[in-house]
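Asker: After the structure tokens below, expect a handful of questions from me.
The values are calculated or read from the model by the stated rules, or taken from the named source; none is laboratory data. Only a predicted model underlies this, so the values are computations on that prediction, with no experimental measurement involved. As a convention, Cβ positions derive from the backbone with ideal geometry for all residues, glycine included, and neighbour counts pool all protein chains shown. For accessibility, only protein heavy atoms count, side chains too; no ligands or nucleic acids. Shrake-Rupley method; radii C 1.70, N 1.55, O 1.52, S 1.80 Å.
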Amino acid sequence: MTSRRRKRGLNIRVPRLYKRHHARPGQPPGTLAYDRPRRVDQVSIRIIDYGADACAVRTVTDVEDTFRLRDSDTVSWIDVEGLHDTELLNRFGTHFGLHPLVLEDILNTHQRPKLEEYDDYLYLVVRMLTPGAEGEEGLHSEQVSIILAPRFVVTFQEIPGDVFDPLRKRIDVGKGRVRRMGTDYLTYSIIDSIVDNYFLLLEKIAERIEAIEDSISASPEPGDLSRVHELRRELVYMRRNIWPLRDVVISLERLETELVSDDARIYFRDLHDHVVQVIETLENFRDVLASLQDLYMSSIGQRTNEVIRILTIISTIFVPLTFLSGVYGMNFDILPELHWRWGYLTFWAVSVVLVLSLVGFLRSRRWL
């Protein structure tokens with residue numbers, strides 16, 4: 001029960017049942033500590049500052065370049081890639097008024113999806129799941145922390161590489177509603193991009209399930225059962241990461257806060273439907289895999305029964321022959337048939353008649 005790390009996030013082949021998610025014992029709440037191997041050499045901050053008529057995109061490494069965006073008249077998306085620099089994160093949190101517990105949760109990248117409300121911002125955690133590389137099975141998982149404030153949205157990722165490039169392109173070229181709406185719609189678009197990739201992952205899993213089904217239906221192999229168990233573990237892992245997102249989206253839709261406008265609530269309602277669809281698909285896949293496991297066991301049992309049937313028929317045919325051979329193979333001095341002139345031919349004639357009679361009987365009963 002191990003998990004393997006890949007280029008982005010966690011490559012989940014057989015997810016662990018439990019991992020240590022919390023800080024070391026004895027540390028006070030809100031302590032910023034990064035005790036994992038560094039995933040990038042330097043923290044990168046991508047800024048997309050836009051309004052209805054203009055958009056500016058730039059990448060910086062100095063956190064102070066983001067400070068003026070707190071009170072900007074435009075909408076700003078600050079995407080922080082890299083979490084190992086706790087001093088930078090502390091300076092960022094201090095200027096933008098983030099609670100120390102929020103900063104601690106940002107560094108603790110094993111959070112379940114959740115929503116926390118503060119005085120002037122919302123803190124969200126979403127799990128970004130993406131399929132493995134071409135030709136590979138498994139999936140990648142990465143925590144995306146989101147700060148939703150009146151004039152800016154901040155996303156935190158541990159390493160570069162995400163699913164937001166189509167969204168960034170829409171903002172850059174001014175396509176869609178995102179340039180005309182506020183930070184609440186931007187937050188919706190970010191989460192919607194993550195959910196869209198859930199569907200991509202489900203499509204790949206569906207292809208793997210179909211391949212296993214074809215293999216089991218044609219000729220079940222021992223590896224098929226292992227693949228079924230691996231897929232079931234992945235589905236359980238996905239469900240554990242996606243199921244809480246349903247409550248997060250419901251809360252965004254119903255939360256009484258000025259940070260989410262009535263226009264954006266409609267989109268969060270639609271997003272909730274998508275999340276429910278993903279969860280229902282996961283449940284359907286689990287049922288299909290359970291059926292495939294039953295089909296595999298049934299096919300193996302049928303194959304075993306067929307082998308036993310053939311061996312039983314062979315044994316039945318040779319039982320009388322073995323009896324005759326045993327009788328005339330005994331070392332007695334007086335066995336009258338042994339001295340008959342036609343005794344040997346008679347033995348083979350009787351044997352052939354017995355075999356043909358048994359074969360005819362078995363075919364008449366449709367056992368052969």
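Asker: Quickly run through the range 251-280 and pick out the residues that are among the hydrophobic types (A, V, I, L, M, F, W, C), open to solvent by 40 Å² or more (accessible area, probe 1.4 Å) and closer than 17 Å to Val125 by Cα.
Answerer: Hits for the range 251-280: nothing passes.
Asker: Next question. Within the range 209-221, count every residue that is more than 15 Å from Asp287 (Cα to Cα) and in contact with a helix residue (DSSP H, G or I) (Cβ under 9 Å, 6 or more places away or on another chain).
Answerer: Step one: list which residues in the range 209-221 are more than 15 Å from Asp287 (Cα to Cα), which gives 211, 214-221.
This time we only want the ones that are in contact with a helix residue (DSSP H, G or I) (Cβ under 9 Å, 6 or more places away or on another chain), so: 211, 215-217, 219-221.
Counting residues in the range 209-221 that are more than 15 Å from Asp287 (Cα to Cα) and in contact with a helix residue (DSSP H, G or I) (Cβ under 9 Å, 6 or more places away or on another chain) gives 7.
Asker: Now a separate question. Select, from Val288, Val359, Val350, the only residue that is under 30 Å from Arg246 (Cα atoms) and touching a helix residue (DSSP H, G or I) at 6+ places or on another chain (Cβ under 9 Å).
Answerer: Details: Val359 fails: under 30 Å from Arg246 (Cα atoms); Val350 fails: under 30 Å from Arg246 (Cα atoms).
Checking each option against the conditions leaves just Val288.
Asker: A further question follows. Looking at the range 84-91, can you tell me whether even one residue there is open to solvent by 40 Å² or more (accessible area, probe 1.4 Å), free of Cβ contacts under 8 Å to residues at least 40 places away in the same chain and of a type in the set (Lys, Arg)?
Answerer: Yes.
Asker: Additional query: Looking at the range 209-232 only, could you name the residues that are acidic (Asp, Glu), in a helix (DSSP H, G or I) and free of Cβ contacts under 8 Å to residues at least 12 places away in the same chain? Break it down into steps so the answer makes sense when it comes.
Answerer: Quick first cut of the range 209-232, residues acidic (Asp, Glu) only: 210, 213-214, 221, 224, 230.
Still in the running and in a helix (DSSP H, G or I): 210, 213-214, 224, 230.
Residues satisfying the conditions are Glu210, Asp214.
Asker: Something else now. Select from the range 50-81 the residues that are part of a helix (DSSP H, G or I) and of a type in the set (Lys, Arg) and list them in ascending order.
Answerer: As a first pass, look at the range 50-81 and keep what is part of a helix (DSSP H, G or I): 63-71.
Selection gives Arg68, Arg70.
Asker: Among the residues of the range 163-186, what is the count of those that are in a loop (DSSP other than H, G, I, E, B), of a type in the set (A, V, I, L, M) and either within 32 Å of the chain's Cα centre (by Cα) or within 24 Å of Leu129 (Cβ to Cβ) (or both)? Please lay out each step first, then the result.
Answerer: The first filter runs over the range 163-186 and keeps only residues in a loop (DSSP other than H, G, I, E, B), leaving 163-164, 174-177, 181-182.
This time we only want the ones that are of a type in the set (A, V, I, L, M), so: 163, 181.
Next, only the ones that are either within 32 Å of the chain's Cα centre (by Cα) or within 24 Å of Leu129 (Cβ to Cβ) (or both) stay: 163.
Within the range 163-186, residues that are in a loop (DSSP other than H, G, I, E, B), of a type in the set (A, V, I, L, M) and either within 32 Å of the chain's Cα centre (by Cα) or within 24 Å of Leu129 (Cβ to Cβ) (or both) number 1.
Asker: For the range 242-281: of the residues being charged (D, E, K, R) and not in a helix (DSSP H, G or I), which is nearest to Tyr185 (Cα to Cα)?
Answerer: Here is the first cut: in the range 242-281, the residues charged (D, E, K, R) are 246-247, 253-254, 256, 258, 262-263, 265, 269-270, 273, 280.
Add one more test, that the residue is not in a helix (DSSP H, G or I), and what stays is 256, 258.
Numbers: Glu256: 16, Glu258: 13 Å.
Per the stated criteria, the residue is Glu258.
Asker: For the range 57-100, name all the residues that are in contact with a Ser or Thr (Cβ under 7 Å, 6 or more places away or on another chain) and small (Gly, Ala, Ser).
Answerer: Gly82
Asker: Still on this model: Kindly indicate which of Ser219, Ser189, Ser215 is buried (at least 18 other Cβ atoms within 10 Å of the Cβ) and not hydrophobic (A, V, I, L, M, F, W, C).
Answerer: On the way: Ser219 fails: buried (at least 18 other Cβ atoms within 10 Å of the Cβ); Ser215 fails: buried (at least 18 other Cβ atoms within 10 Å of the Cβ).
Ser189 is the lone residue from the list that is buried (at least 18 other Cβ atoms within 10 Å of the Cβ) and not hydrophobic (A, V, I, L, M, F, W, C).
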